[in-house]
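All remarks here apply to the structure that follows.
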Amino acid sequence: MMKTTKEIYNSTAANWDRKEAVLLSDFTARPFVMELCEPLQGKKVLDLGCGEGFCSRQFMQRGAASVFGIDISEKMIAQAQAQEQKQPLGIQYEAGNAVDLERLPSDTYDLVACVFLFNYLNNKQTRQVMSGIRRVLKPGGQFVFTIPHPLYAFLRDNEYPFYFDPEGKGYFSGRDHTFMGEIWRRDGMPLQVQSVHKTLEDYFNALAATGFDKMPFIKELRVEDKHLEIDRAFFEPIYDMPLHVAFSLINS
Ligand SMILES: C[S@@+](CC[C@H](N)C(=O)[O-])C[C@H]1O[C@@H](n2cnc3c(N)ncnc32)[C@H](O)[C@@H]1O
């Protein structure tokens, strides 16, 4: 039987633990997310699906006033808290489901970030989370998220250093189906990931339905020449492919 997201992350939490860029997407996605969120000085940040806190720590180190990280996996939260104990930054972490944000007060956060969270949620859950985010964001607050590029699963075989297996489903017929995949660390270790498939239109429709009705800024993220200079063998197999998409919206 297919493992739940919580089970996957509880059983692999130790392998996600990192203090510096290690995973493919630590190079191809997260640095751009950080740039999108700048300036962070003085901001109240909510990091949904924070994992072991890789992005939460960077938000704090870049000057956020506070960071609250929520993740469904208690083991990922335990890793985040262990790092916080070793090197206190003042980040608050809690195990919880991003679908249930009712307990959080309205109009509170300057920035809500979801770095590869929505690929664990189906269309209905995605809308629930976006609607919660719109409520807890201050007017004028920013919502930043990244997802695997919806086309990527269909462009790449099940190979190093990153893939999702659509198991014969198509771009449209695969909607809300879970594609299992792997993403590699540069040290050669693969990590199990999932993509509950949604089309690009699904994301735009979910945003519009939950009140994010202005055009988002989007960037299709990829391997760049600077990555090849770091490690050609690692990045070259997926050069010129659309890997992830980053979105940024302002809450009106
Ligand atoms: C790919 S990891 C990314 C972690 C972190 N954002 C980062 O960039 O390193 C996805 C995380 O989303 C969490 N997650 C999945 N579904 C969730 C949900 N419904 N509520 C909260 N967290 C969830 C997983 O437990 C996992 O830690």
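The values are calculated or read from the model by the stated rules, or taken from the named source; none is laboratory data. Keep in mind that this is a model prediction, so the values were computed, not measured. Neighbour counts run over all protein chains shown; Cβ positions are idealised from the backbone, glycine included.
Results, tabulated for the structure shown:
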{"item": "Qualifying residue in region 13-26 (condition: within 24 Å of HIS149 (Cβ to Cβ), among the hydrophobic types (A, V, I, L, M, F, W, C), near the ligand (Cβ under 8 Å from one of its atoms) and in contact with an Asp or Glu (Cβ under 9 Å, 6 or more places away or on another chain))", "result": "yes"}
{"item": "Listing of helices (runs of 4 or more DSSP H) fully contained in region 145-251 that carry 1 or more residues being at pLDDT 95 or above and within 25 Å of ALA13 (Cα to Cα)", "result": "232-235"}
{"item": "Residue that is out of contact with any strand residue (DSSP E or B) (no Cβ under 8 Å at 6 or more places or on another chain), surrounded by fewer than 17 Cβ atoms within 10 Å (Cβ to Cβ) and on the phi > 0 side of the Ramachandran plot, where the choices are ASP240, ASP225, ASP213, ASP176", "result": "ASP240"}
{"item": "Residue within region 103-118 that is more than 23 Å from LYS214 (Cα to Cα), at pLDDT 95 or above and touching a Leu at 6+ places or on another chain (Cβ under 8 Å) present", "result": "yes"}
{"item": "Count of region 39-58 residues which are within 10 Å of the ligand (Cβ to nearest atom), surrounded by fewer than 21 Cβ atoms within 10 Å (Cβ to Cβ) and within 25 Å of GLN125 (Cα to Cα)", "result": "0"}
{"item": "Subset of region 84-118 (residues that are of a type in the set (Phe, Trp, Tyr) and either away from the ligand (no atom under 14 Å from the Cβ) or in a helix (DSSP H, G or I) (or both))", "result": "TYR109, PHE118"}
{"item": "Any pair with Cβ under 6 angstrom, 6 or more apart, that starts in region 183-205 at a residue that is in contact (Cβ under 8 Å) with a residue 60 or more places away in the chain and ends at one that is assigned to a loop (DSSP other than H, G, I, E, B) and surrounded by fewer than 18 Cβ atoms within 10 Å (Cβ to Cβ)", "result": "TRP184/TYR160; VAL196/ASN122"}
{"item": "Subset of region 59-74 [farther than 19 Å from GLY141 by Cα and either more than 9 Å from the ligand (Cβ to nearest atom) or part of a loop (DSSP other than H, G, I, E, B) (or both)]", "result": "GLN61, ILE72, SER73, GLU74"}
{"item": "Flag if SER66 is within 13 Å of the chain's Cα centre (by Cα), modelled with pLDDT of 95 or more and among the polar types (S, T, N, Q)", "result": "no"}
{"item": "Flag if LEU36 is of a type outside the set (Val, Ile, Thr), more than 14 Å from the chain's Cα centre (by Cα) and crowded, with 16+ Cβ neighbours inside 10 Å", "result": "no"}
{"item": "Subset of region 152-168 that is of a type outside the set (Phe, Trp, Tyr), out of contact with any helix residue (DSSP H, G or I) (no Cβ under 8 Å at 6 or more places or on another chain) and within 19 Å of MET241 (Cβ to Cβ) - its residue that is surrounded by the fewest Cβ atoms within 10 Å (Cβ to Cβ)", "result": "ASP157"}
{"item": "Every residue from region 144-160 that is within 22 Å of GLY49 (Cβ to Cβ) and touching a strand residue (DSSP E or B) at 6+ places or on another chain (Cβ under 6 Å)", "result": "VAL144, PHE145, THR146, ILE147, PRO148, HIS149, ALA153"}
